[in-house]
Amino acid sequence: KPDVVVFIDADCDVKDGAIEMLARRARDTQRPVQVRYVMEVDEDANVGSRISSFAFAVKNVMRCAGLDRMKLPCLLMGSGMAVPMDVARKADLYHGRVGEETQFGLDLARAGHDPLFCEDAVVTSRLPAADAVARAQRGRWEHTHLMMLAHHAPRLVREAFRTGRLSLLALAMELSVPPVTLLILMWVGSMLFAGVSAVLTGFSLPVAMLVVADVMFVASVVAAWKRVGRSTLPCRIAGRHRAGRPTLPSRALLATPKYVAWNLPFYLMLPIRRYTAWTRTDREPAA
């Protein structure tokens, strides 16, 4: 039987040596391993796609790298992951539900096999060019994230305190970070509520606390943009790759309110439409 099973989506590009590096790390550590999974953008990608690519890089690169530097596990992302065969047998891979790769990693972590991040190995995919397809894909991502957060984060916290495992608490905290659109909506709603309360009651401490939190949030976004948004990632042009424009030009940050408004319908539809089964994204395979 094979020592390691490697998961790569069919529409992904695998950088030189990534599979060998991935499989060797999984075999040597006997733990699941996730590579650096990056979303490319087309040369003529719109601002929404570029913001999505930036948010993806923050979640899948920056946050995973930070957890790795603190010797903490990361979440599995579905593509670019390897699991020792004996370890893979300890989790259910056949339910076909949305978020199955995240649940797979959490099941393995609960069984004592915390996923590792391998930053040196790289797998890339690309966001769909068609707006309708991109909107549907983004909707699945947003809904799946919230469903996984609601279902698994409380269980992980309970298990962390019951077993004394810091790694489970770290996974719960990572899973609890809301999508950027929801985070901004929560910020706006909190500021409006605190502002009205301050006017009516004269108690302004919540407003001051939210202002401090907002400054920290903006500073973190700028820091992330300098790290992964200002850099130039590969772009796809006629089936080939070359260095393209910066992932997120500075002027594109001004379009963030438009991006939030573009994602708002996903949250309005959440109570009446939920994604419960995996659906293939309609896009051309990688060349």
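The values are calculated or read from the model by the stated rules, or taken from the named source; none is laboratory data. This one's a predicted model, so the numbers in the text were calculated from it and none came from an experiment. Don't worry about glycine lacking a Cβ; one is built from the backbone with ideal geometry, like all the others, and counts go over all protein chains shown. For the accessible areas, the whole protein counts, side chains as well, though only heavy atoms, and no ligand, DNA or RNA atoms are used. Shrake-Rupley method; radii C 1.70, N 1.55, O 1.52, S 1.80 Å.
Before moving on, here are some points about what is shown:
- Average Cα contact separation per residue, the stretch 1-88, under 8 Å, 6 or more apart, as relative contact order %: 52 percent
- Heavy-atom accessible area, probed at 1.4 angstrom with all protein chains present, ranks F7, F104 as F7, F104, highest first.
- Inter-label distance, nm, simple model (7 Å from Cα along the C-beta direction), D120/L264: 4.7 nm
- Ranked by the mean number of other Cβ atoms within 10 Å of their residues, highest first, the peptides 114-122, 67-75 fall in the order 114-122, 67-75.
- Too-long pairs where the Cα-Cα distance tops 23 Å, listed order kept, from K59/K258; K1/K59; K15/K258; K1/K71; K226/K258: K1/K59; K15/K258; K1/K71
- Between the stretch 168-187 and the stretch 3-40, the alpha-carbon center distance in angstrom: 26 Å
- F203, F161, reordered so the largest accessible area comes first (probe 1.4 Å): F161, F203
- In this structure, the amide hydrogen of R126, modeled 1.01 Å from its nitrogen in the peptide plane, lies closer than 5 angstrom to those of E40, counting only residues at least 5 positions away or on a different chain.
- With all protein chains modelled, accessible area of L149 [1.4 Å, Å²]: 40 Å²
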